[in-house]
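Structure, as structure tokens:
The values are calculated or read from the model by the stated rules, or taken from the named source; none is laboratory data. Because the structure is a prediction, the values reported are computed rather than measured. Cβ sites come from the backbone with ideal geometry, for glycine too, and all protein chains shown count toward neighbours. The accessibility values were calculated without ligands, DNA or RNA, using every heavy atom of the protein model including side chains. Shrake-Rupley method; radii C 1.70, N 1.55, O 1.52, S 1.80 Å.
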Amino acid sequence: MKVLMFGWEFPPHISGGLGTACYGLVKGLVHHKQDIIFVVPKLWGDEEPLADFVNASGITIDYRERRFKEIWKSLTYLEVSSFLVPYLGPEEFSRYTEHAMSEGAEVDESVFSSKFEFSGKYGKDLMKEVSRYALVAAQIAKDKEHDVIHAHDWLAYPAGVAAKRISGKPLVAHIHATEYDRSGESVNRAVFDIEREGMMAADHVVAVSHLTRKVVIEKYGIPADKVSVLHNAVLDASIIESSVKKKVPEKIVTFLGRITFQKGPEYFVEAAKKVLDRDPNVRFVMAGSGDLLNRMIERVAELGMGTRFHFTGFLKGQDVDDMYAMSDVYVMPSVSEPFGIAPLEAVRHNTPVIISKQSGVAEVLQNAIKVDFWDVDAMADAMFGLLHYESISKMFKELGSEELKKLKWEHVAEKLVKVYDTLHQNHTAS
Amino acid sequence: MRTICFYFQVHQPYRIKPYRFFDIGEDHYYWDDYSNRSIMRKVAQKCYLPMNKLLLELIREHEGRFKVAFSISGVCLDQFEAYAPDVLDSFRELVATGHVELLAETDGHALSALKSKVEFSRMVERHSAKIAKHFHGYTPKTFRNTELIYSDKIGEMVYDMGYSTILTEGAKHILGWKSPNFVYTAASQPKLKVLLKNFQLSDDIAFRFSNKTWPDYPLTVDKFVNWIREIPAEQETLNLFMDYETFGEHQWADSGIFEFMRALPAAIMRDTSFTFSTPAEVAEHGKPIAPIQVPVPISWADEERDLTAWLGNDLQNEAFTKLYELEEDVKLLADDYDIQRDWTYLQTSDHFYYMCTKFFSDGDIHAYFSPYDTPYDAFINYMNALSDFILRVKRAKKALAKAKAETDL
């Protein structure tokens, strides 16, 4: 099968989970002998040569093709400016929002030039890039032979839809996160519309969890029979041995992630207070940054636990690994997490995890304690249990790594190939 | 003499309420009265009351030629007393017919036989006292251990406690080519008779009766009687041991389980050479055929028929060890009613069963019987309650020592 795949980023140049997931999936598909044409807005040249990579920035659009004009007409809604974007690194997030607020973002004429240099990031010209990407996709679909089209998340949906218009091949819309996951109930209408139209136009929708599938069906009104679930997997299930020694005698309970609404940091803070009231010999760490950081610092001060609750700011690279390794408990109290790969990283560091039931990863990870994100009592109880009753951590360490080994991208890709086959058969039959 | 022996296990644990760590040291009541009461009422309506009525009718109809045995755990008797005195009355009525045997077991439906002979005997005595109290001085003669757990060592202890018959599982790995349909003796104590469960025919009723994917579904009386007729003539006893909750609770009324049981005794007496006996009668009349050796404990649970459902992982082992570390201290507090009650209830095997992590093979059965979402939740809740209990025991012991010191002065 020849798959024309549209993403937004690809390792090593990524700013979030989307690129990693695409990488794992492509790797799995290659294992099952699928030919992948992987399109990204910008190629850097140091990507692992797994697929036939196409750099959207290098594509010249042939405006004599009349069908492109039709596509452009349908893209005009993208001119609405938007600054709610997914998968931002925390630092970029604040930089970007400030920038977008002061300057605004709109689509300009350069979209129509025959050459266009994509940034491939989540900058202020995001909507401009998304619509230009769709035009490029149409050109690629015309030039490159393929059997099925696969688009990852809303940024690539207009591209997937445009490609389908040109080639008529079946489209798979892969949903890694919805606008509801990013923004709660205050959704950005423009983004929601792109997501919805992309999934409506798709012949099949793949969600990363049952949780996400439910959102897709209930909030977006996508027919249930065309939405299936493919959980994410891990690239490397090996245990990471660390030489890092913690410098305090107390046990450490860690939150590591963006400090935003979606990640539920306030529930972690409240649970920490309940534990410290009972057992002062624990330290809590909140690692990361985000728009709720200051509010969390204030709340910790208000609760008078500043000497036991620490903020590290944004961590990257080795610091992240060290943080996992130093932790006795890792908590992911997400309010809404389509999948959530971080707890699996914690497991690789032999760190026991508590995850919210509102995360997709809770559907695949058995050796974890699962609580409702809002149930601060249960969360505190789980922390206390992991800190005081030794056997549970021991079991997690023994069984967790075994469990990770079962979460393979080859298995995910195997199921995806079946989806492709069915779509392809239906397509050739009709 | 060829005979069939029906034994039904009647048991409900005292489930622990959601007990958070911040309750430790403050809230000393662990039991989930609401769910214990509502589960007891539900099972009483679906199983205990209608099945007791059915058995009473059968015993009267067949004028004593049909008979059964029950083992009712002490924790279950306590809950009958509190929430279902009507059920207790109906059991009394059954026992009064003279064709129902009551077995001895541990008061707390505990795993104490695996840990301490002293605690084990104490619990069996307490159970016998409860049986005597509720059933006009009835004295059990036959013993059955929690979950049919048995080993050579347990056999010896049970004989030392004055019992000459014990029931256990006819586990394949113990029997090998031997048939469970004979009376055996304990290898460790030749005077102790061992009755073995025929798990094939017992589980056909208890587990497979309403399973539509089972090739032999639906199980009719004719089919079952035919299987009994196929038992080789020299095999004398057929022990059908199962949870009493099979009737109406595990197998729902609409599966036809009650109709099946209503018709079975007459069909067996008409179409086979088998009669019905209680375990004590089987032991008395049956000729022991051989000693049976069980060096490693067996049980009637799961495919493995071993202890791994209760003591198979680190969670269970930690909880079990921490609990029994208290044994000596609790013994000193014999007059503290609350401590003794909670000590008994905390030992109930179900708490350990909920912590089982054998997800993939028998996990579905475990999930059905557990009030918790995961074994980890079960473990944390239990350990929280146990942590409070440990504090109470330590405090009570200190108070006792202080009082003693004062009277000594």
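Below are the figures for this structure:
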{"item": "Qualifying position, being more than 14 Å from every other protein chain (Cβ to nearest Cβ), aliphatic (A, V, I, L, M) and under 29 Å from residue A:237 (Cβ atoms), among A:293, A:344", "result": "A:344"}
{"item": "Residue that is touching a residue at least 40 places away in the same chain (Cβ under 8 Å) and over 20 Å from residue B:239 (Cα atoms), where the choices are B:129, B:113", "result": "B:113"}
{"item": "Close pairs from segment A:393-407: first closer than 11 Å to residue B:314 by Cα and among the polar types (S, T, N, Q), partner part of a helix (DSSP H, G or I) and open to solvent by less than 90 Å² (accessible area, probe 1.4 Å), Cβ under 9 Å, at least 6 apart", "result": "A:393/A:386; A:393/A:387"}
{"item": "Hits in segment A:6-55 (condition: in a helix (DSSP H, G or I), under 20 Å from residue A:149 (Cα atoms) and of a type outside the set (A, V, I, L, M, F, W, C))", "result": "A:19, A:20, A:23, A:24, A:27, A:28, A:31"}
{"item": "Filter result (farther than 11 Å from residue A:152 by Cα and surrounded by 22 or more Cβ atoms within 10 Å (Cβ to Cβ)) within segment A:5-23", "result": "A:10, A:23"}
{"item": "Pair list, Cβ < 6 Å and 6+ apart or interchain, from segment A:360-377 residues that are touching a residue at least 60 places away in the same chain (Cβ under 8 Å) to residues that are open to solvent by 40 Å² or more (accessible area, probe 1.4 Å) and of a type in the set (A, V, I, L, M, F, W, C)", "result": "A:360/A:211"}
{"item": "Failed condition for residue B:326, given (1) buried (at least 16 other Cβ atoms within 10 Å of the Cβ); (2) more than 14 Å from every other protein chain (Cβ to nearest Cβ); (3) at negative phi; (4) touching an Asp or Glu at 6+ places or on another chain (Cβ under 9 Å)", "result": "(4)"}
{"item": "Segment A:262-295, residues that are of a type in the set (Gly, Ala, Ser) and part of a helix (DSSP H, G or I)", "result": "A:271, A:272"}
{"item": "Residues of segment B:226-254 satisfying the condition of being buried (at least 19 other Cβ atoms within 10 Å of the Cβ) and more than 23 Å from residue B:76 (Cα to Cα)", "result": "B:228, B:231, B:236, B:237, B:238, B:239"}
{"item": "Filter result (under 24 Å from residue B:173 (Cβ atoms) and open to solvent by 10 Å² or more (accessible area, probe 1.4 Å)) within segment B:188-202", "result": "B:188, B:189, B:190, B:193, B:198, B:199, B:200, B:201"}
{"item": "Residues of segment A:351-394 that turn out to be touching a helix residue (DSSP H, G or I) at 6+ places or on another chain (Cβ under 8 Å), among the charged types (D, E, K, R) and surrounded by fewer than 24 Cβ atoms within 10 Å (Cβ to Cβ), as a count", "result": "6"}
{"item": "Filter result for residue B:48 (open to solvent by less than 10 Å² (accessible area, probe 1.4 Å), within 30 Å of residue A:280 (Cβ to Cβ), touching a helix residue (DSSP H, G or I) at 6+ places or on another chain (Cβ under 9 Å) and modelled with pLDDT of 95 or more)", "result": "no"}
{"item": "3 or more residues more than 18 Å from the chain's Cα centre (by Cα) and not aromatic (Phe, Trp, Tyr): qualifying helices (runs of 4 or more DSSP H) within segment A:132-243", "result": "A:153-167, A:189-201"}
{"item": "Residues of segment A:397-413 classified as open to solvent by less than 10 Å² (accessible area, probe 1.4 Å) and either at the interface with chain B (Cβ under 9 Å from one of its Cβ atoms) or in contact with a strand residue (DSSP E or B) (Cβ under 6 Å, 6 or more places away or on another chain) (or both), total", "result": "0"}
{"item": "Failed item, numbered, when residue A:259 is tested on (1) surrounded by 24 or more Cβ atoms within 10 Å (Cβ to Cβ); (2) part of a helix (DSSP H, G or I)", "result": "(2)"}
{"item": "Selection within segment B:1-45 - away from chain A (no Cβ under 14 Å), part of a loop (DSSP other than H, G, I, E, B) and modelled with pLDDT of 95 or more", "result": "B:11, B:12, B:13, B:14, B:15, B:28, B:29, B:30, B:32"}
{"item": "Identity of the residue in segment B:127-150, in a loop (DSSP other than H, G, I, E, B) and open to solvent by 30 Å² or more (accessible area, probe 1.4 Å), that ends up nearest to residue B:307 (Cα to Cα)", "result": "B:141"}
{"item": "Residue list for segment B:84-104, filter: open to solvent by 10 Å² or more (accessible area, probe 1.4 Å) and assigned to a loop (DSSP other than H, G, I, E, B)", "result": "B:97, B:98, B:99"}
{"item": "Candidate set from segment A:223-238 (those that are open to solvent by 40 Å² or more (accessible area, probe 1.4 Å) and at pLDDT below 95); member that is nearest to residue A:204 (Cα to Cα)", "result": "A:235"}
{"item": "Unique residue being assigned to a helix (DSSP H, G or I) and either assigned by TED's automatic domain parsing to the domain that holds residue B:404 or modelled with pLDDT under 95 (or both) when the list is B:302, B:329", "result": "B:329"}
{"item": "Conditions (1) within 14 Å of chain A (Cβ to nearest Cβ); (2) touching a Pro at 6+ places or on another chain (Cβ under 8 Å): number failed by residue B:350", "result": "(1)"}
{"item": "Pair list, Cβ under 7 Å, 6 or more apart: segment B:373-402 residue away from chain A (no Cβ under 13 Å), other residue surrounded by fewer than 17 Cβ atoms within 10 Å (Cβ to Cβ) and assigned to a helix (DSSP H, G or I)", "result": "B:393/B:329; B:397/B:329; B:397/B:332; B:400/B:332"}
{"item": "Subset of segment B:172-191 [of a type outside the set (Val, Ile, Thr) and in contact with an Asp or Glu (Cβ under 8 Å, 6 or more places away or on another chain)]", "result": "B:181, B:182, B:186, B:187, B:188, B:189"}
{"item": "Number of the condition not met by residue B:226 [criteria: (1) in contact (Cβ under 8 Å) with a residue 40 or more places away in the chain; (2) part of a helix (DSSP H, G or I)]", "result": "(1)"}
{"item": "From B:154, B:131, B:149, residue being aliphatic (A, V, I, L, M), at pLDDT 95 or above, touching a Ser or Thr at 6+ places or on another chain (Cβ under 7 Å) and more than 26 Å from residue B:266 (Cα to Cα)", "result": "B:149"}
{"item": "Residue in segment B:334-342 that is buried (at least 20 other Cβ atoms within 10 Å of the Cβ) and away from chain A (no Cβ under 14 Å) present", "result": "yes"}
